[in-house]
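Enquirer: Would you mind keeping the following structure in view while I ask a few things?
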Amino acid sequence: MPRSGNRDRHRNRSAKDRSRPKGERRDKRYFAGESSPVRVVTPQTPRQVRAIERLLSGIGVPEPKPFKPDDFQVEALAAIETEDVLVTAPTGSGKTWIAREEIRRILGKGQRAWYTTPLKALTNSKYTEFSNEFGAENVGILTGDRKENTGAPLIVGTTEIYRNQLFDALRSGDQVETDFVILDEAHYLADEERGHVWEEAIILSPPRIRLLLLSATVGRAEEFAAWIGEVRGTKVRVIKAGPRPVELRAAYISQDLQLFPLFGEDGQYNRDLDQFARQKRDNFHRRRR
């Protein structure tokens, strides 16, 4: 029986060897050919090149100038001394400057502050920024992953951690050790899954703690502020910035690394982008065949 089995295995190996191309190594594997046709890069027309030049014009580092706060920043800084403040301003307008200057004033008076954000990455970034600004010994961080220098007068943490401290204080009958709280990205109140955290943080913060809420995208700001004033029994000032100081420009990068503005010179959708929708549709049908 064993000898018969050896003959069968030898016969099977011989059959496999005969099926291979002459000279091919037994252990060698070959890669399949390209499954998609070679893409032909179509040069951009002079009109498209001019559009790209317009898109990229003016991009660079501006000339340094002495800093001068905008009117909305000065107004917010004055209001936060006696009121809760909701600042709604486009990204890049300088909302953080308001928080930073009030933190400077708070620390100068020997008081304490909290800076909350919805994201660990943003919390880590603000922790580094404020440590450089106010000194590492004056700044601590509290997230689900990090717990450093928690006795510092300025704590940077996620909104969930601040909310949890409010719950702990409520259960123990103690006071949260802070005089001022910044709720960054305050529009998270409208988030379906996490919005209750911001709601609870606002409701549970004692009126003695002044709140500064910052957002670039909050909707119905006056209605939001009225609700805050109702649940906290405080005055709430809504401060809005002017137009976006940093212009947004949108473009599409093709697979050939060509750049196409999303909007044409007339401000309407750039019809040159239709070609990529057709390519995607054709590739989809080709794969299904």
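Enquirer: SER215 - would you say it is in contact with a helix residue (DSSP H, G or I) (Cβ under 6 Å, 6 or more places away or on another chain), assigned by TED's automatic domain parsing to the domain that holds ALA78, surrounded by 14 or more Cβ atoms within 10 Å (Cβ to Cβ) and small (Gly, Ala, Ser)?
Expert: In short, yes.
This table checks each residue for (1) at pLDDT 95 or above; (2) assigned by TED's automatic domain parsing to the domain that holds ARG163; (3) surrounded by 23 or more Cβ atoms within 10 Å (Cβ to Cβ).
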{"residue": "GLY92", "(1), (2), (3)": "no, yes, no"}
{"residue": "LEU107", "(1), (2), (3)": "yes, yes, no"}
{"residue": "ARG112", "(1), (2), (3)": "yes, yes, no"}
{"residue": "TYR115", "(1), (2), (3)": "yes, yes, yes"}
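Enquirer: Let me ask something else. With respect to ILE239, is the statement that it is β-branched (Val, Ile, Thr), within 23 Å of THR159 (Cβ to Cβ) and assigned to a helix (DSSP H, G or I) true?
Expert: No; evaluated as a whole, the condition is false for this residue.
Enquirer: Looking at (1) outside any loop (DSSP other than H, G, I, E, B); (2) outside the structural domain of THR143 (by TED's automatic domain parsing), which one does LEU257 not meet, given that it meets all the others?
Expert: In the conditions (1) outside any loop (DSSP other than H, G, I, E, B); (2) outside the structural domain of THR143 (by TED's automatic domain parsing), LEU257 misses (1) alone.
Enquirer: Right, something else. Answer yes or no as to whether THR96 is surrounded by 15 or more Cβ atoms within 10 Å (Cβ to Cβ), touching a residue at least 12 places away in the same chain (Cβ under 8 Å), polar (S, T, N, Q) and in a helix (DSSP H, G or I).
Expert: Criteria met by THR96.
Enquirer: Could you name every one of the strands (runs of 3 or more DSSP E) located completely within segment 113-222 that has at least 3 residues being without any contact (Cβ under 8 Å) to a residue 60 or more places away in the chain and touching a strand residue (DSSP E or B) at 6+ places or on another chain (Cβ under 7 Å)?
Expert: 139-142, 154-158
Enquirer: Those residues that are within 25 Å of the chain's Cα centre (by Cα), outside any helix (DSSP H, G or I) and buried (at least 20 other Cβ atoms within 10 Å of the Cβ), I need them from segment 68-86; list them, please.
Expert: VAL85, LEU86 - these are the residues of segment 68-86 that are within 25 Å of the chain's Cα centre (by Cα), outside any helix (DSSP H, G or I) and buried (at least 20 other Cβ atoms within 10 Å of the Cβ).
Enquirer: Continuing with the same structure: Would you please list the contacts, defined by Cβ atoms under 6 Å and residues six or more apart or on different chains, that run from a residue in segment 226-255 that is of a type in the set (Phe, Trp, Tyr) to a residue that is surrounded by 13 or more Cβ atoms within 10 Å (Cβ to Cβ) and not in a loop (DSSP other than H, G, I, E, B)?
Expert: Close Cβ pairs satisfying both conditions: TYR252/PHE260; TYR252/LEU273.
Enquirer: Report, by residue number, each residue of segment 199-229 that is touching a Gly at 6+ places or on another chain (Cβ under 9 Å) and over 19 Å from PRO118 (Cα atoms).
Expert: PRO207
The values are calculated or read from the model by the stated rules, or taken from the named source; none is laboratory data. Bear in mind the structure is a predicted one, so any value in this text is a computation, not a measurement. Counting neighbours? That spans all protein chains shown, and the Cβs are built from the backbone with ideal geometry, glycine included.
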